[in-house]
Amino acid sequence: MVRKQTDRMAAAAPTDDPAVAGIEAFITQVTAMSRLPASRRRLRRLAQIDTHESGIGILMLLSRAGPLSVTDLARHLGVNQSTASRQVAPLEEDGYLTRTVHPSHRRIQLLALSEAGAAACERAHAVGRRDIAWAIRDWSAEDRTRLSELLERFTDTWAEAAIDQGLTPEPMPADHPKAGA
């Protein structure tokens, strides 16, 4: 017998709420813009990161998630291990990534940001922060603070529900109840 798992994200609220539609439009716009090849080229140019199209995404993922095996990286990117290995190779050659041995599984190597990789990510984040500062340049300090607080609250709630539903491609912390499920 298959047990149904409650999807509290899907059942939580009505979808005809205009505020929900506005938030969805915001997320759709930000996602679409960040995926444009021209946006990625601009980011690489302004942050002075000389790498291939998917390289910046790999660096930023490792910046968020910490060291990952090629298998975990591939899972997050939605590609096979061979493709992930090909995408990682030039990042290693250019000095953005290092490999270390997993502390408890000696046969597994972990990819991590080198000093150059961490600096590249910081430059990319700085570009993003400048873009955001430009977009809200005419807002009051109170409006900027309120937006930041609301987005943080939304992000925390969204992430918690996504993890509970097993919807995170990044490895879950080992002590999370859904880890290994």
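The values are calculated or read from the model by the stated rules, or taken from the named source; none is laboratory data. As the structure is a prediction and not an experimental result, all values here were calculated from the model. Ideal geometry is used to build each Cβ from the backbone, glycine not excepted, and the neighbour counts take in all protein chains shown. Accessible surface is based on the protein model in full, side chains and every heavy atom, while ligands, DNA and RNA are left aside. Shrake-Rupley method; radii C 1.70, N 1.55, O 1.52, S 1.80 Å.
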Discussion item. All but one of (1) open to solvent by less than 70 Å² (accessible area, probe 1.4 Å); (2) within 20 Å of Gly57 (Cβ to Cβ) hold for Ala135; state the number of the condition that does not hold.
Written reply: (2)
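Considering only the range 43-53, I want to know if a residue exists there that is open to solvent by 90 Å² or more (accessible area, probe 1.4 Å), at negative phi and modelled with pLDDT under 90. Let's see the steps before the verdict.
Taking the range 43-53 and keeping what is open to solvent by 90 Å² or more (accessible area, probe 1.4 Å), we get 45, 48, 50.
Filter once more, so that each one left must be at negative phi: 45, 50.
Add one more test, that the residue is modelled with pLDDT under 90, and what stays is none.
No, there is no match, as no residue in the range 43-53 is open to solvent by 90 Å² or more (accessible area, probe 1.4 Å), at negative phi and modelled with pLDDT under 90.
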Discussion item. On the basis of being open to solvent by less than 60 Å² (accessible area, probe 1.4 Å), touching a His at 6+ places or on another chain (Cβ under 7 Å) and under 26 Å from Gly166 (Cα atoms), does Leu68 make the cut?
Written reply: no
Discussion item. Just the residues that are open to solvent by 40 Å² or more (accessible area, probe 1.4 Å) and in contact with a Ser or Thr (Cβ under 8 Å, 6 or more places away or on another chain), please, taken from the range 103-124.
Written reply: Ile108, Gln109, Leu113, Ala118
Worksheet item: Is it fair to say Val20 is more than 22 Å from Glu122 (Cβ to Cβ) and out of contact with any Leu (no Cβ under 8 Å at 6 or more places or on another chain)?
Response: yes
Response to the item:
In the range 28-38, anything more than 16 Å from the chain's Cα centre (by Cα) and small (Gly, Ala, Ser) is listed as Ala38
Worksheet item: Among Ala25, Ala74, which is the only one that is surrounded by fewer than 18 Cβ atoms within 10 Å (Cβ to Cβ) and either aliphatic (A, V, I, L, M) or outside any helix (DSSP H, G or I) (or both)?
Response: Ala25
